[in-house]
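Trainee: This is the structure I have questions about; it appears just below.
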Amino acid sequence: TDYLAIDIDFDKILSLDEGEFDRDSIQINSQTYHLTTYHNSQIIYLELENLIVVENRSSYHYDSEQLLYTKSIEDNWTLLINSIKGLIGYDRVMIYQFLEDNSGVVVAENVDAGMDSYLGLRFPEFEIPKQARLLYIKKKSRMVADIDEERIGVISRDNKPVDLTYTSIRAFSSAHLEYLRNAKAFGSFSVSIVINDRLWGLVACQNSTPKYIPNQVRLQAEL
């Protein structure tokens, strides 16, 4: 196995709050990667993704000030999902609200023509169990670009379980992957809606074909 030396300022990373990220870029064999660094339980994590240059940045931007002038909750959700759909290009973007019994309902949706609508559909609590909801509070966004893509093993210096709570691109559980396949969704991206430290709901995005969202575009969608 070949090892790569990466210069990391450990003091800087450990000075961050748990769950905060340091973002940079790095070159490996003439290929540029996004480097996301963070710590959790005194372990430092490095995530590398191929850098995809977003050539037309204007198409990945919307005026968030519009949200200040919406006249109803419905208008707010419509603007939000339309903006995120424009950013990421997925063919289904939904607002999924958790109810008091932890079941959920789709309260807003922007879906491409010819696809089934999920608007108003109710989902039982076990669709997004408690453990997953707790993760969505700690880590605000997650993406799986291709649910059938080969999983990449985590490399660790110590032979110990690795906590992937704050990982942006971790693989989904087998149960959630089965749910996505049943929904004919092969790319998935979600952003948490957290109000007063409580998980109110999700912006849930699905695509009928695999689709990678560049790191900088995911950050804009999360914002």
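Trainee: Can you name the residue in region 125-150 that is at pLDDT below 90 and either in contact with a Pro (Cβ under 6 Å, 6 or more places away or on another chain) or over 28 Å from Q216 (Cα atoms) (or both) and is also most open to solvent (accessible area, probe 1.4 Å) among such residues?
Mentor: The selected residue is F126.
Trainee: For region 19-64, which positions are touching a Phe, Trp or Tyr at 6+ places or on another chain (Cβ under 8 Å) and either at pLDDT below 85 or not in a strand (DSSP E or B) (or both)?
Mentor: Answer for region 19-64, where residues must be touching a Phe, Trp or Tyr at 6+ places or on another chain (Cβ under 8 Å) and either at pLDDT below 85 or not in a strand (DSSP E or B) (or both): G19, E20, F21, L51, I52, V54.
Trainee: Okay, next question. If you go through region 177-191 one residue at a time, do you hit one that is open to solvent by 20 Å² or more (accessible area, probe 1.4 Å), touching a Lys or Arg at 6+ places or on another chain (Cβ under 8 Å) and not hydrophobic (A, V, I, L, M, F, W, C)?
Mentor: Taking every residue of region 177-191 in turn, none turns out to be open to solvent by 20 Å² or more (accessible area, probe 1.4 Å), touching a Lys or Arg at 6+ places or on another chain (Cβ under 8 Å) and not hydrophobic (A, V, I, L, M, F, W, C).
Trainee: Here's another thing I want to ask about it. Looking only at region 201-213, decide whether some residue is open to solvent by 70 Å² or more (accessible area, probe 1.4 Å) and within 15 Å of Y96 (Cα to Cα).
Mentor: Within region 201-213, not a single residue is open to solvent by 70 Å² or more (accessible area, probe 1.4 Å) and within 15 Å of Y96 (Cα to Cα).
Trainee: Could you tell me which of the residues R157, R170 is in contact with a strand residue (DSSP E or B) (Cβ under 9 Å, 6 or more places away or on another chain) and among the basic types (K, R)?
Mentor: Criteria check complete, one pass: R170.
Trainee: Check region 152-172 and report whether any residue there is more than 21 Å from Y38 (Cα to Cα), open to solvent by less than 50 Å² (accessible area, probe 1.4 Å) and within 15 Å of the chain's Cα centre (by Cα).
Mentor: For region 152-172, residues more than 21 Å from Y38 (Cα to Cα), open to solvent by less than 50 Å² (accessible area, probe 1.4 Å) and within 15 Å of the chain's Cα centre (by Cα): absent.
Trainee: Now for a separate question. Residues in region 159-172: is at least one among the charged types (D, E, K, R), at pLDDT 85 or above and either over 22 Å from P210 (Cβ atoms) or part of a loop (DSSP other than H, G, I, E, B) (or both)?
Mentor: Yes: one or more hits.
Trainee: Please name all residue pairs, on different chains or six or more residues apart, with Cβ atoms under 8 Å, provided the first residue is in region 130-147 and is within 14 Å of I195 (Cα to Cα) and assigned to a strand (DSSP E or B) and the second residue is at pLDDT below 90 and polar (S, T, N, Q).
Mentor: Filtered contacts from region 130-147: no entries.
The values are calculated or read from the model by the stated rules, or taken from the named source; none is laboratory data. All figures in this text were calculated on a predicted structure; none of them were measured in a lab. So basically every Cβ, Gly included, is an ideal-geometry build from the backbone, and we count neighbours across all protein chains shown. We work out accessible area using only protein heavy atoms, side chains counted, and drop any ligands, DNA or RNA first. Shrake-Rupley method; radii C 1.70, N 1.55, O 1.52, S 1.80 Å.
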